[in-house]
Structure formats: structure tokens, C-alpha cells
Amino acid sequence: MYKNLIRGLALAAAMLPPATPAGAQGAPLKAAFVYVSPIGEAGWTYQHEQGRLEMQKALGARVQSTVVESVAEGPDAERVMRDLARQGHKLIFATSFGYLEPALRVAAEFPELRIEHAGGYKTAPNLNTYNARHYEGRWLAGLLAGKASRSGVVGYVAGFPVPEVIQGINAFTLGLRAANPKAQVRVLWVNTWFDPPKEREAAAALLQQGADLLTYHSASPAVAQAAEEKGAKLIAYHSDMARFAPTAQLAAVTHHWGGYYTTVAQRVLDGRWKPQPVWGGMKDGFVRLSALSPALPQDVREFVESRRRDLMAGKAHPFAGRIADQQGRVRQEAGTMSDAQIATMDWFVEGVIGSLPRQ
């Protein structure tokens, strides 16, 4: 998958229509953001919206941006993107994994349109993909969780079994067990990105299974609220969830898209846009371990910070060294996993309790 993506870059760039500065005639660039859930007060979509607002502030009147919320993956997404193209939008940010195939069809129909798809693995002459190495923040969060959990059992509410989610679970588990070799991560799938009742129900089930710390890959504050209500600890995801879990939250792995969105829009305005997949990490500002609780012991804070510095300097990597899977099979004896291996990850590391649904 990853190799095919890279091989397609040269062909895609060669086929791209001649660049025309979007603002050449004085009209603003019309840019649209398609969101899979409501913007709300926190979560995946909320962070993308903060990125849009940052882009709008940076570029001012040169960009006219709009949003469409709660667009289901599949036919609805294709219809919405096609309508936006017909309305004169020249740039669309499709911000959910399941938007990829609809976006490819719309891109083929409107060659002057530029589409940026979050988390995808296919490009086209006028469709690019972008993502963050969220697993870097997850690894640091796992190190922190290993120091903080007394039971050694962490509950993980997971959306869908796509590589990005699996990477996060595995990196978190590797960090957890680096701090506490006997700890385990229990995973429950909710098969949705946004369903507060289902997320809350899964969180409650994990607490009943002995977890004293929760984390998640879903889009609402439900897991954070469950942790707060039940007296558990929390590693938040997407956004700082302290407003929902002021006592429970130890830290948050947060997403930051504003700089990237500003750069992309400026390139379209200048006629310099091209399909060049981006996979940015902590050093690029895409992901951070944020909002560390002031209640954390100083030695724990210093431990996590030292590992963060190592990661940023290239001295540490979440998927380095000997790595075994759930069945005890050694997947890597030494060294560091390649991007291609990480991008196609479809197995759990040792220490994860749970199974991978086959789609």
C-alpha cells in the first residue's frame, strides 16, 4: 500500500493540470472542510476546526472557508464533496479515513479541484493525503500510564481497526510495558468514530475488567467523562479534555493542524500545490503530549520529558528494538520499523488483550 503510494507520486505530479494561482483574479480561494462528526467542544473534528480557524486567521480575506459537519462516510460524503465542487470550491479537506474512495471519484470528475484527504493511502493528480504520527504521542502517553497505573491494567476504547488506530494501540502498549513490563492494555472496539453512549458503555466495561486508567481512539468526551465519574485516571486523545475530566486527566495526546492547513492553502493560492503525501510527527508540530497534570510527581514528569527529547532528537523510536506480537512471534529482532511496515500494521504487540476484527 505504502510503496504503491510513493510510486504514484511522480506519475500524479506529471498528470496534474498546469498550475494557476487561485487568487490570480482577485477572488478569494474557496476552501471547504468536510467533517465526520459535529464540531462540538473537543475531539477529532474539533481539532480540525481549530486548524481551519488558524488558517483563516493567517490568510485573512485571501481565503473563504466553510464547513460541513456530521457527514457520514460513503455516498453522503461523495454527494457533499461534489456539491462543494459545483459551488466553486477549489480546495477541499476531507477529514475522515472513510472519505478516501468518494474523494477519489469527485477528484476525477473535477480536475481543477484540489482535495486533501486525512489518513489515506492513495493519491491522484489532484488528491493528496496527509496524516500525523500520532503513535509518537501515544508512546509517550504509554510511558506515563505505566508509571501511573496501580493495577497495571489500562482500558482502550477503539473506533475501527484501521492502521492508524492499531499503531496507536501498539505504541501505547510498548511505552506502557517499557515502564511496567507486566502491564497490559485491554481493547474494546466500538466500530464508530463518534457515538457517546457506545463509547461510555465500552469505558464502563473496561473499568469492570480491572482497568484503573482509560484512553481511547474515538471522537467524543464520553470516555473522559466516564473516567471522571468512576474515579479512574485518563490519558485524553485528540483534545485536552481537562474541562470534562479535571481530576482524572493525567495528560492528552493532542492534534494540531493549523500550520499544515495554512501551508496547503497558500500553495493553492500561489499555484504551487502538488500531490505529495505528508506524514508529520512531533517535530513537525502535528502531535503533542499536552496538558500534563500538575498533580504528577516531578520524577515522572522529568522521565517523560527526557523520552520526549530523545524522540524529537531521533534517539528513540516507538517501534525500535525487539518486538513480539500477541502470539509471541518475534516481528522485529532489532533495529527500527520502516514507515512501510508501520503504515500497514495489522497485528497487536505482546501485552494487548483483545482481538482484531477482520474487515
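Each part reduced to its alpha carbon centroid, segment 34-58 and segment 93-150 end up 14 Å apart.
Taking every DSSP beta bridge that has both ends in the chain, the antiparallel portion is near 20%. Translational diffusion coefficient of segment 36-131 (Stokes-Einstein, Kirkwood radius from Cα pairs, 4 °C, 1.567 mPa s): 95 µm²/s. Among the listed pairs K147/K233; K57/K274; K147/K283; K57/K122, a Cα-Cα separation exceeding 21 Å is found for K57/K274; K147/K283; K57/K122.
Under a model in which nothing but the beta-carbon of Lys, Arg (+1) and Asp, Glu (-1) is charged, the chain shows a dipole of about 680 debye around its Cα centre. Look at the dipole of segment 48-193 built from charges on Cβ: of Q87, G74, Q56, the Cα furthest out on the positive end belongs to Q56. Positive end of the dipole of the chain (Cβ unit charges, origin at the Cα centre): among L214, M337, V106, the Cα lying farthest that way belongs to M337. Among R308, R329, the order by Cβ neighbours within 10 angstrom, fewest to most, reads R329, R308.
Take the Cα radius of gyration of segment 250-325 and divide it by 2.2 N^0.38 Å, N being the number of residues; the result is 1.48.
When its C-alpha radius of gyration is set against 2.2 N^0.38 Å (N residues), the chain gives a value of 0.99. A cut-off under 11 angstrom between Cβ atoms defines the neighbours of G120, and their net charge, with Lys, Arg +1 and Asp, Glu -1, is -2.
Taking a sphere under 15 Å around the Cβ of R309 and counting the other residues whose Cβ falls inside, with K and R at +1 and D and E at -1, yields a net charge of +2. The antiparallel fraction among DSSP beta bridges confined to segment 224-345 stands at about 60%.
Bear in mind these aren't lab numbers, they're just calculated from the coordinates by the rules spelled out. Keep in mind that what you see is a predicted model, and the values were worked out from it rather than measured. Note that each Cβ is placed from the backbone with ideal geometry, even for glycine, and that neighbours are counted across all protein chains shown.
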